[in-house]
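Working notes, structure below.
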Amino acid sequence: MQNIRLCLLLFISSIVSLQAQQPKRLNSSEIYEAVQKLNVLGSVLYIAAHPDDENTRLISYMSNHVKARTAYLSLTRGDGGQNLIGPEIRELLGVIRTQELLAARRVDGGEQRFTRANDFGYSKHPDETLEIWNKNEVLSDVVWAIREFKPDIIINRFDHRRAGQTHGHHTSSAMLSIEAFDLANDASKFASQLKFTETWQPKRLFYNTSWWRYGSQEEFDKIDKSNMLNFDIGVYYPTKGMSNNEVASLASSQHLCQGFGRLSTRGTQQEYIEFLKGEPLDDSNDVFAGIDTSWNRIEGGQAIGNIMNDVENNFNFVNPSSHLLQLLEAYKLLQNVKNEHWKTIKTKELKAIIEACAGLYLEVSADTPTASPSASVKLQMEVLNRSDSKINLVSYNLSTLQDDISKNMELPSNQRINFEEGITIPKNTNYTTPYWLNKKSTLGVYNVQDQNLIGLPETPRAVFVDFNLNINNTPITITKPVVYRYSKPDKGELYRPFEIIPEVSASISDKVFIFENDQQKDIEVIVKAGRDQIEGFVQMAYPNDWSVFPQKQKIEIANKGDIQKVVFTVIPPKNQSEGLITPIVNVNGEFYTDELIEIDYAHIPFQTVLMPSESKVVRLDIEKRGNNIGYIEGAGDVVPESLRQIGYNVTIISPEQISPENLVNFDAIVVGIRAYNIVDELKFKQKFLLDYVQNGGNLVIQYNTSRGIKVDNLAPYDLKLSRDRVTDENAEIRILNPEHPILNFPNKITPQDFEGWVQERGLYFPNEWADEFTPLLASNDKGESSKEGSLLVAQYGKGNYIYTGLSFFREFPAGVSGAYRLFANLLSAGKEDKTKLKN
């Protein structure tokens, strides 16, 4: 049965993945649900810190059962986490997690918003979090979200009263929400926002609590719940054929890069929210008690409500177009409503219902997925009226043109009409790249100055078409973004966003180049054309004490999308040094220094991201022993590539290749991050790895989480993982055993080797271990006890078992010299005597 459910989830997920790529088209049940939602003028804002923090059960319940307009405000985009599906980290991971949140909202019916807060990594206290975030800036963004969304109800995911007891980001999200609840209605606070919006006072604020807040269900059952509301969030939706918790499971399963794919659940389930502040509930179990969420809420809304309630109560599932006259009458009345907030929201919803009931198919597809400014693009427009209603296409307007293109033609029932239009992308059109990455950010906050962009999940599309229609003598405009529609024989019809890119971009093959001596290296630069007929030259910017030859190289690329590779010889200085190199492409006097990065996963839309094209070069004073390294991959990192940078021959070992015959060929075996959490086969292969050590091998295991370990014996001796971590990347490192060979051979490790580390020292350190282990380093965050489990070494038989929670997977991509030197020592463990014999 479990396998059947898993297959069902995967099938439904594949459908969601497909729909994530193409425009949404409503069936009769979905139109009916949209009508129900149109008739509710109430809103809920759910607030937490990261992607995956949101309670999809409650968001789905508020959106699909209560029918309220519901949004999730994630303060960050999850940039500081790990990636279980690919190599992207930091900014690119934030792009993926943004899209996964949007995918989740497409499932549970919510909307998505953000602040400018940068997920800088785990934080142990809100004081640290708010200092790094610059509290005032992120607080202003929470106030902005409240003023813009205008929620009646705010629900916090986390408890503002638990400072220091959980992730600092979590507590901070609740603390900021508590403060913003009052500030949003104060015109003297963040007054510059009021040029674009107005003040707003939410009615109530809640905390979404549960048994985990109190440690166990038993403890939760004991507490006084008189200040709490509870809901059965296991309600069943016949129009969906799923229960609320099934919808929620499917929504949370969109967070694939965090390993959140899971089985769906069904049946009764209670959800609790604790009242914190606002208007009293007066013993009601309704979050909207005393709030009119009907059309009577707004002046002029009663007449609209009378029409729309009749449509809802007598909805024609067989022929939704029978309601068009009523819908159009409601639309005309709505345009006279003075409340601009609800007028804007409900006009958008009502247009979508009218479009669906009329069976209108409006699509604009470009002949290319990308174009650069000043480029010519052919657009294929398809217009189709699949109802018996009288619909005229009066004109259409392209965002790239000033004037409408007149058509004045009737759309016959079920007869497809196609137009082809050639356009030129204006030279000043902005590139389609995540707006929050356009300027250099600080550690805690993304640099976004345009108030109207702050909080948006994506960069608004630059090219779109307004279709000006007349439906039964009612003028209505429906806007469609330009897309790229294509097909593949093995996948069928596919969609991609149409994107504006530079006419040329450049990338360097690796983000870090380690020079283990003063020998020169050839570094390849890849230049990609964003249009036809690119001519120019490329040169390199580099540190003063380095040399690059030649100074510049000519490029000629005939066709858009093609690449040209050029090779520069980079000569390091004699002594240790580091800096950045950047390719600069000159085309007709215009300089281009960005790299075009493509992110392509099935469960999210195709993404193009422009980032500064730069790589770190490091002249490193390093020695190493051994050459052949076997690497068992875990949750995704660039450690193998990093080790190749310093001259190791690295072979990726698949789980089925873990055997005594294969392992004996390697000087050391490295296990990737979280491998023991996600690689099921290690349960059966661990004995071979431990035998390898016992027979003289060198095994280096990187961090795993304490939950979900796949093996019974992680180490040959007792070893217990914990949640201990040191999040301050500048925390003092104390060397516990200065004479230990790993700290002296072949490189002498000193405190200087721990300078320049990024994001953290390490995570999920063991906190209990057998006497056979020797701890080598100690560190701690401010105000905490010493943590000595970051690097443990034990001799087992003839070999060395090494467990490390140090964040090498973050330090290598950042080119941290000391991290390379220390890791080389780990790989060289046990080879001291052999070296002496050779000498």
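Any read-out appearing in this document is the output of simple, stated calculations on the displayed coordinates, not a laboratory observation. The structure displayed is predicted, hence computed values, not measured ones. Neighbour counts are summed over all protein chains in view; Cβ atoms, including those assigned to glycine, are modelled from backbone coordinates with ideal geometry.
Counting pairs of Cα atoms in the stretch 541-594, how many percent are more than 16 Å apart?
Summing the P(r) of the stretch 541-594 above 16 Å gives 53 percent of all pairs.
Could you give log10 I(q)/I(0) at q = 0.09, 0.10, 0.16 Å⁻¹ for the stretch 282-410, computed by the Debye formula over C-alpha point scatterers of equal weight, without solvent?
Normalising to I(0) and taking log10 leaves -0.42, -0.50, -0.98.
Taking the Cβ of Asn55 as the centre, find all other residues whose Cβ is under 11 Å away and add up their charges (Lys, Arg: +1; Asp, Glu: -1).
Net of charged neighbours comes to -3.
What is the helix-to-structure angle for 324-334, meaning the angle in degrees between its Cα long axis and the longest Cα principal axis of the chain, kept from 0 to 90 and rounded to the nearest 10?
Tilt of helix 324-334: around 80 degrees.
Are any of the pairs Lys439/Lys616; Lys521/Lys552; Lys37/Lys439 more than 27 Å apart by Cα-Cα distance, and if so, which?
Going by Cα-Cα distance, Lys37/Lys439 fall outside the 27 Å limit.
What is the ratio of the Cα radius of gyration of the chain to 2.2 N^0.38 Å, where N is its residue count, to two decimals?
1.04
Could you tell me the relative contact order of the chain? Use alpha-carbon pairs under 8 Å, at least six residues apart, and round to a whole percent.
Contact order relative to length: 9 percent.
Beyond 26 Å, what share of the Cα-Cα pairs of the stretch 476-588 is found? Please give it as a whole percent.
41 percent
Once label points are set 7 Å from the Cα along Cα→Cβ at both Asp367 and Thr344, what is their separation, rounded to one decimal in nm?
That separation, rounded to one decimal, is 3.8 nm.
Give, as a single signed number, the net charge of other residues whose beta carbon lies under 13 Å from the beta carbon of Ile501, with Lys and Arg counted +1 and Asp and Glu -1.
-1
Over all alpha-carbon pairs of the stretch 37-91, lay out the pair-distance distribution in 5 Å bins, whole %, shortest bin first.
Using 5 Å bins, I get a P(r) of 4, 19, 21, 16, 15, 11, 8, 5, 1 for the stretch 37-91.
Among 645-651, 179-185, 315-321, what's the highest-first ranking by average C-beta atoms within 10 angstrom per residue?
179-185, 645-651, 315-321
Taking the Cβ-Cβ separation of Asn472 and Arg106 as r and a Förster radius of 35 Å, what is the calculated FRET efficiency to the nearest 0.05?
So the FRET efficiency works out to roughly 0.70.
Applying 1/(1 + (r/R0)^6) with R0 = 41 Å to the Cβ-Cβ distance of Thr569 and Ser487, what FRET efficiency is obtained, to the nearest 0.05?
For Thr569 and Ser487, the calculated efficiency is 0.40.
For the stretch 672-777, max minus min Cα coordinate along each principal axis, in Å, sorted largest first?
Principal axes ranked by extent give 41, 30, 23 Å for the Cα atoms.
Send over the per residue convex hull volume for the stretch 42-280, Cα only, as a whole number of Å³.
Convex hull volume per residue, Cα atoms: 128 Å³.
Run the numbers for Ser284 and Asn314: contour at 0.36 nm per residue of separation, minus the present Cα-Cα distance, in nm.
That pair, Ser284 and Asn314, stretches by 7.7 nm at full extension.
First select every other residue whose beta carbon is under 10 angstrom from the beta carbon of His170; then total the charges, Lys and Arg +1, Asp and Glu -1.
Here the charged neighbours net out to 0.
Need the full-extension length gain, Glu681 to Ser786, defined as separation in residues times 0.36 nm minus the C-alpha distance. One decimal, nm.
34.3 nm
Arrange Glu100, Glu681 by Cβ neighbour counts within 10 Å, fewest through most, would you?
In increasing order of surrounding Cβ atoms, one gets Glu681, Glu100.
Rounded to a whole number of µm²/s, how large is the Stokes-Einstein D of the stretch 49-152 at 10 °C and 1.306 mPa s, given Rh as the Kirkwood radius over C-alpha pairs?
Translational diffusion coefficient: 109 µm²/s.
Going by average Cβ neighbours within 10 Å, how do the peptides 347-356, 437-446, 248-257, 332-341 rank, with the highest at the top?
248-257, 347-356, 437-446, 332-341
First measure r as the distance between the Cβ atoms of Gln795 and Gln657, then evaluate 1/(1 + (r/R0)^6) with R0 = 35 Å and state the FRET efficiency to the nearest 0.05.
Approximately 0.85, to the nearest 0.05.
Taking θ as phi - 60°, what are the ³J(HN,Hα) couplings along the stretch 475-492 by the Karplus curve (6.51, -1.76, 1.60), each to the nearest whole Hz, with x for Gly and Pro?
Going residue by residue, I get x, 8, 10, 10, 9, 10, x, 6, 10, 10, 10, 8, 9, 10, x, 9, 9, x Hz, with x marking Gly and Pro.
7 Å from Cα along Cα→Cβ at both Tyr214 and Gln533: what's the point-to-point distance in nm?
With each label point 7 Å from Cα toward Cβ, the separation is 7.5 nm.
With N residues in the stretch 504-652, what two-decimal value do you get for its Cα radius of gyration over 2.2 N^0.38 Å?
1.17
So if I take the centroid of the Cα atoms in the stretch 89-144 and the same for the stretch 772-811, what is the distance between those two points in Å?
31 Å
Any idea what angle helix 682-694 forms with the longest principal axis of the chain, computed on alpha-carbon atoms, 0 to 90 degrees, nearest 10?
Result, in degrees: 20.
One quarter of the convex hull surface, Cα atoms only: what value does that give for the stretch 628-838 in nm²?
Approximately 10.8 nm², given one-decimal rounding.
Give me the Å³ per residue figure for the convex hull around the C-alpha atoms of the stretch 594-636.
141 Å³
Seen from all sides and averaged, what is the projected area of the convex hull of the Cα atoms in the stretch 433-515, in nm²?
One quarter of the hull surface, i.e. the mean projection, equals 11.7 nm².
Per residue of the chain, what 222 nm ellipticity follows from adding -39500 (n - 2.57) for every DSSP H run with n ≥ 4, rounded to the nearest 500?
Mean residue ellipticity, 222 nm, calculated: -7000 deg cm²/dmol.
Over the Cα atoms of the stretch 181-299, each weighted equally, I'd like the Debye log10 I(q)/I(0) at q = 0.12, 0.14, 0.20, 0.23 Å⁻¹, rounded to two decimals.
So the normalised log intensities work out to -0.73, -0.94, -1.17, -1.22.
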